Amino acid sequence: MGEPATRDGISSRAARGRDSVTRFQPAASLIRLAHRIALAHLIALAHLIGLGAATPAVAVIPNPMKLADAAAEANSDAGRAVPLWFEVSLRLGQGDAMAKGTLATHPTGLARLELHSRRGFVERHLLQGDTYTASRNGKPLKDPRPFLPPLFLLQATSGDTLRAALESFGIDADRVVLGRVGEHDCYVFGGRWPARSGQEERRLPSLWVDIESYEVVRIDGRDGVRFQFGPSTDFGEGVRAPRWIGIEVPGQPPARLEVIRVAPANAPAAAFGTEWLTALPSPTP
């Protein structure tokens, strides 16, 4: 399959040769080494007694600013500190892919998604900071289902930038507790409500970061929408990104974006304007 042509001001850079990406030595490993053993015991204790922010753990959780620095460094080390282009497919529930499309994301807090449905319509989703808008066949959608995650949180290149972005999403960047998602022990920016026996955990706006890799594992929004990220995968071009992104919206069946390809993109910030929503759709890929 050949490389995509320029599409509404955005294209993959793969066909133009591999761009050099500045690599950084992971100072984050210093934090990891200092706290790994203690955290393993404390996380086990926190889960045993049902507390996400047990008082003994507070003293050994690294400073939130240092954690934000480490997460931002992991973003850079994964080659995500540049505009990125994704080829994706969308699944609803356990069914086959309902749509295919492209997603572009910019480190400054911009993202857009174009989906071509098997039913013949085209949906466009635009995220400008915390403002979400969408259209179908060029007509605005009043209450769109959010299929577009804030992937730019996985692109922040400094702790200060990440903290500012978290605050804009209603996530308390100065509050960090411990939590667990699947097999991942996590630092949780924004805190969490401990689950009671037999009840689902109440969602707080939060960013869940793996304590070993500092990769983002989950994002819970203030509207109850949850994005969960699959394993970090090497897609070439010096970029590692999640293999899939799970989407949970209250009252809706689960959805999932399967990530097929990822590459650095020619994606100026001007390509993420609201006029794109109502422009003529691109030809079906």
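No lab work stands behind these numbers, since they all come straight from the coordinates. Please read these numbers as outputs of a predicted model, since none were measured by experiment. We place every Cβ from the backbone using ideal geometry, glycine too, and count neighbours over all the protein chains shown.
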Taking the options Asp172, Asp143, name whichever one is closer than 19 Å to Arg226 by Cα, part of a loop (DSSP other than H, G, I, E, B), of a type in the set (D, E, K, R) and in contact with a Gly (Cβ under 6 Å, 6 or more places away or on another chain). Asp172
Exactly one of Phe227, Phe235 is aromatic (Phe, Trp, Tyr), free of Cβ contacts under 8 Å to residues at least 60 places away in the same chain and closer than 21 Å to Arg91 by Cβ, and that one is Phe235
Look through segment 215-230, keep the residues that are of a type in the set (Val, Ile, Thr) and over 16 Å from Gly191 (Cβ atoms), and return whichever of them is nearest to the chain's Cα centre (by Cα). Val216
Evaluate segment 190-202: report whether one residue or more is polar (S, T, N, Q), outside any strand (DSSP E or B) and within 22 Å of Glu73 (Cβ to Cβ). no
State the number of residues belonging to segment 106-136 that are part of a strand (DSSP E or B) and aromatic (Phe, Trp, Tyr). 1
Just name the residue that is farthest from Arg145 (Cα to Cα) out of those in segment 203-225 that are of a type in the set (D, E, K, R) and in contact with a helix residue (DSSP H, G or I) (Cβ under 8 Å, 6 or more places away or on another chain). Glu212
Which residues, taken from segment 63-88, are surrounded by fewer than 18 Cβ atoms within 10 Å (Cβ to Cβ) and of a type outside the set (Lys, Arg)? Asn63, Met65
Does Ala156 satisfy being among the aliphatic types (A, V, I, L, M), touching a Leu at 6+ places or on another chain (Cβ under 7 Å), on the phi < 0 side of the Ramachandran plot and assigned to a loop (DSSP other than H, G, I, E, B)? yes
